[in-house]
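Undergrad: Shown below is the structure under consideration.
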Amino acid sequence: MTHYFAQNNVIDPRAEIEDDVEIGPFCVVGPKVHIGRGTRLENNVTLMGSVTIGCDNHLYPNVVIGGDPQDISYKGSDTKVLIGDHNVIRECVTINRASEKEDGITRVGNHNFLMACCHVGHDCQLGDHITIANGTLLAGHVHVDDHASLSGAVAVHQFSTVGSYSFVAGVSAVRHDVPPYMLVEGYPARPRCINSVGLKRNNFSPQVIAALAEAHKLLYRSKVGLENAWEILRANGHLVPQVNHLLSFVQGQHEGQHGRGREGRKAA
């Protein structure tokens, strides 16, 4: 077992720290913290409350993980933050513990890149391979699906869902769910086109990209309605699995309130 613990930090002896963890100076690690092997904390990192961090993560200066949820209804229960493996969490990122309104866990998956000064609010659920650029703010109960990208200075309304392989342009206000595979921008953010660059980078076939482009045209340009779009896409042989996923997402969005599928229903 090898560790590197710099001087001038405060590490509670009850914290569970696995092999090959590096902790720089002026860090604070609380008693209910578990840090997986190979994770590196630069200086001035604070881990408080019940926090589990997986393997091979890199936390930069002034990161704060596990602070109380910023929810006035919170009564002090032992909620948690769970963070997976191979994440990069840059300077001054804050990730709050969950409230008592869902399952009590704020989750961040694997291989994510959270750039400086991001905020991940209570009860957020982040998947894998997500990029969130500088200064972007996720309110409580936001879900971000795999391979989504959010540019800088984006604000995401509570209970919004950001779909997989979507792209949110900078300085956008996300008040509604972001459909998968779409590029959204604006105040409020609206689907403008498919996320063609992201789809190509992730090896989507030209046939799938064309089918998603046609779905976008029908839903957001021609505005034929969901049922008619479904029938037209089926008739034209465009109902590939990704298009079905997009249409199911939009259907769920319509079943919620205020353009957010989980709003007005039991959060899941």
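The values are calculated or read from the model by the stated rules, or taken from the named source; none is laboratory data. Keep in mind it's a predicted model, so treat the numbers as computed, not measured. Positions of Cβ are generated from backbone atoms using ideal geometry, with glycine treated the same way; all protein chains shown enter the neighbour counts.
Undergrad: Among the residues of the range 179-197, count how many are farther than 18 Å from I209 by Cβ and either in contact with a Lys or Arg (Cβ under 7 Å, 6 or more places away or on another chain) or part of a strand (DSSP E or B) (or both).
TA: Total meeting the criteria: 5.
Undergrad: Here's something else I'd like to know. Would you check if there is a residue in the range 247-268 being out of contact with any Asp or Glu (no Cβ under 8 Å at 6 or more places or on another chain), assigned to a loop (DSSP other than H, G, I, E, B), within 15 Å of V162 (Cα to Cα) and without any contact (Cβ under 8 Å) to a residue 40 or more places away in the chain?
TA: Yes, the range 247-268 contains at least one residue that is out of contact with any Asp or Glu (no Cβ under 8 Å at 6 or more places or on another chain), assigned to a loop (DSSP other than H, G, I, E, B), within 15 Å of V162 (Cα to Cα) and without any contact (Cβ under 8 Å) to a residue 40 or more places away in the chain.
Undergrad: Among the residues of the range 226-241, write down those that are among the small types (G, A, S) and closer than 21 Å to S166 by Cα.
TA: A229
Undergrad: Could you list, ordered by first residue, the pairs with Cβ atoms under 6 Å in which the first is in the range 14-38 and within 15 Å of N62 (Cα to Cα) and free of Cβ contacts under 8 Å to residues at least 24 places away in the same chain and the second is among the aromatic types (F, W, Y) and outside any loop (DSSP other than H, G, I, E, B), at least 6 apart or interchain?
TA: I23/F5
Undergrad: In the range 218-238, what count of residues is obtained for those that are surrounded by 17 or more Cβ atoms within 10 Å (Cβ to Cβ) and not in a helix (DSSP H, G or I)?
TA: Qualifying residue count for the region: 1.
Undergrad: Let me ask something else about it. Within the range 105-124, how many residues turn out to be touching a Lys or Arg at 6+ places or on another chain (Cβ under 6 Å) and assigned to a loop (DSSP other than H, G, I, E, B)?
TA: Total meeting the criteria: 2.
Undergrad: Within the range 1-90, considering only strands (runs of 3 or more DSSP E) that don't extend past its boundaries, which have at least 1 residues that are at pLDDT below 95?
TA: Output list reads 3-5.
Undergrad: Next question, about the same structure. Taking the condition of being surrounded by fewer than 24 Cβ atoms within 10 Å (Cβ to Cβ), within 9 Å of the chain's Cα centre (by Cα) and of a type in the set (A, V, I, L, M), how many residues in the range 104-131 meet it?
TA: Of the residues in the range 104-131, 1 are surrounded by fewer than 24 Cβ atoms within 10 Å (Cβ to Cβ), within 9 Å of the chain's Cα centre (by Cα) and of a type in the set (A, V, I, L, M).
Undergrad: Looking at the range 57-96, which of the residues that are within 19 Å of the chain's Cα centre (by Cα) and on the phi > 0 side of the Ramachandran plot is surrounded by the most Cβ atoms within 10 Å (Cβ to Cβ)?
TA: In this case the residue turns out to be G66.
Undergrad: Return the pairs, sorted by first residue and then second, in which the second residue is outside any loop (DSSP other than H, G, I, E, B) and hydroxyl-bearing (S, T, Y), the first residue lies in the range 63-84 and is more than 26 Å from D146 (Cα to Cα), the beta carbons are less than 9 Å apart, and the residues are 6+ apart or on different chains.
TA: So the pair list comes out as D78/S50.
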